[in-house]
1. Here's a check for you: in the range 126-138, which residue that is free of Cβ contacts under 8 Å to residues at least 60 places away in the same chain and closer than 16 Å to Asp17 by Cβ is surrounded by the fewest Cβ atoms within 10 Å (Cβ to Cβ)?
2. Against the condition under 17 Å from Asn127 (Cα atoms), at pLDDT 90 or above and surrounded by 17 or more Cβ atoms within 10 Å (Cβ to Cβ), how does Leu74 come out, does it pass?
3. Considering every residue within the range 61-69, establish whether at least one is part of a helix (DSSP H, G or I) and polar (S, T, N, Q).
4. Taking Cys42 and the conditions (1) over 23 Å from Glu31 (Cβ atoms); (2) under 14 Å from the mean Cα position of the chain (by Cα), which numbered condition does it fall short on, given that it satisfies the others?
5. Of Thr43, Thr83, which residue is surrounded by fewer than 17 Cβ atoms within 10 Å (Cβ to Cβ) and among the β-branched types (Val, Ile, Thr)?
6. Filter the range 92-107 down to the residues that are in a strand (DSSP E or B) and surrounded by 17 or more Cβ atoms within 10 Å (Cβ to Cβ) and list them by number.
7. For the range 83-91, check the following and say yes or no: at least one residue is in a helix (DSSP H, G or I) and touching a residue at least 60 places away in the same chain (Cβ under 8 Å).
8. When the range 87-99 is examined, which residues are found to be over 22 Å from Asn19 (Cβ atoms), in contact with a helix residue (DSSP H, G or I) (Cβ under 9 Å, 6 or more places away or on another chain) and polar (S, T, N, Q)?
Amino acid sequence: MKIKPEKFKYNNALLIDDNELDNFINEKMLEANSFVKKKYVCTNGKRALEFLNNIITSEGPESGTYPDIIFVDLDMPIMDGFTFLENFMKIKNNGLQNCKVVILTSSINIEDKIKAEKIDGHIAFVNKPITNSILSQL
């Protein structure tokens, strides 16, 4: 009897959040839903940009390590989610060209959603925690 390989919606995801518990819960939800094959976690926007720049400079777009989807929190120390997004949108790289961006936040401030839409109208804006319903829509 052959075992079918697990099918994932995305190959790689990057979680950017300073809250370790949120990261743990979100990782478990991604695993439980076979949403992503490999997960990377950064605890602030600065580290996430460094991580992405390392991929760009050390590996090519064919490396298979570029994130297909990025989940980013807004309220973080060192570099918040909005500053990360503004810098991320400036990166011109084929490996990140089709990367989906999701703001995953506990904020209920409508101004945050408006600000995200101004940065890029394709950014998804969802409230924590990740749920089955959210994942099915991505």
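The values are calculated or read from the model by the stated rules, or taken from the named source; none is laboratory data. Just so it is clear, the structure is predicted and the values come from calculations on it, not from any experiment. Quick reminder, even Gly has a Cβ in these numbers, built from the backbone with ideal geometry, and neighbours come from all protein chains shown.
1. Asn127
2. So Leu74 passes the test.
3. yes
4. The failed condition is (1).
5. Thr83
6. Val101, Val102, Ile103, Leu104, Thr105 - these are the residues of the range 92-107 that are in a strand (DSSP E or B) and surrounded by 17 or more Cβ atoms within 10 Å (Cβ to Cβ).
7. So far as the range 83-91 goes, yes, one or more of its residues are in a helix (DSSP H, G or I) and touching a residue at least 60 places away in the same chain (Cβ under 8 Å).
8. Hits for the range 87-99 are Asn93, Asn94, Gln97.
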